[in-house]
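The values are calculated or read from the model by the stated rules, or taken from the named source; none is laboratory data. Keep in mind it's a predicted model, so treat the numbers as computed, not measured. Cβ: placed from backbone, ideal geometry, glycine included. Neighbour counts: every protein chain shown.
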Amino acid sequence: MSQFFYVHPDNPQGRLMKQAVAMIHEGAVVVYPTDSGYALGCHMGDKKALERICKIRDIDKSHNFTLLCSDLSQLSEYTRVDNVAYRLLKNNTPGAYTFIFKGSKEVPKRLLNPKKKTIGIRIPDNIIAQALLTELKEPLMSTSLILPGEDTTEYDPEHIRDILEHSVDLIINGGYLGEKPTTVIDFSEDSVDIIRVGEGDPAPFE
């Protein structure tokens, strides 16, 4: 049975964030709010937790996983970012975007796309997600909570609880959210490619 935290969307309770991060360090799979629906997260170095997430979503290890970061300061450690990409990200984050970059050696190999050696990067515009990352002090391994057979991210925490309370360790209730996925921008090659149009405005990257 998972724990269920009611977290204030504008002023997240610090003690609950501390509890959530302690659980993540102990191997928990958590459901948490973002600016594009709810997501599944775990410690980026935790192989077993990642396998549980893959099972929940019915995805394999070739899936494009994402590192949720608090700000741009963490990028250089985990990705290779040129000046053009950095300026674009600086002007458009935080926001509902996933950016694809070549991963660095600091990214666990199991999180990289096996063919392209890429990793997704998110800097979310959600107060609860940012509070969680501030407490964690490192990126969170993340993937949108899109259940098997569905096309959109889950947005109702009570519905998530009904479905996943025996599959995850913690559900952070941040209220009802939008169900549209992120806009995906690929910086891994020489060009800037818009892979998917979602919640984030693609215009700055066209």
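Counting only strands (runs of 3 or more DSSP E) that sit completely within the range 127-206, those holding 1 or more residues that are within 24 Å of Gly14 (Cα to Cα) and in contact (Cβ under 8 Å) with a residue 24 or more places away in the chain correspond to 140-144, 170-173.
Taking the conditions (1) closer than 16 Å to Ile172 by Cβ; (2) modelled with pLDDT of 95 or more in turn, Asp58 satisfies each one other than (1). Counting only helices (runs of 4 or more DSSP H) that sit completely within the range 1-103, those holding 2 or more residues that are over 25 Å from Gly198 (Cα atoms) correspond to 14-25, 47-57, 75-78.
Residue under question is Asp71, and the condition is that it be among the charged types (D, E, K, R) and more than 14 Å from the chain's Cα centre (by Cα); does it hold? Criteria not met by Asp71.
One line per residue, one yes/no per condition, for (1) among the β-branched types (Val, Ile, Thr); (2) surrounded by fewer than 17 Cβ atoms within 10 Å (Cβ to Cβ):
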{"position": "Ala129", "(1), (2)": "no, no"}
{"position": "Leu147", "(1), (2)": "no, yes"}
{"position": "Pro157", "(1), (2)": "no, no"}
{"position": "Val168", "(1), (2)": "yes, no"}
{"position": "Gly174", "(1), (2)": "no, no"}
{"position": "Thr183", "(1), (2)": "yes, no"}
{"position": "Glu189", "(1), (2)": "no, yes"}
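Residues being surrounded by fewer than 16 Cβ atoms within 10 Å (Cβ to Cβ) and among the small types (Gly, Ala, Ser) are entirely absent from the range 84-91.
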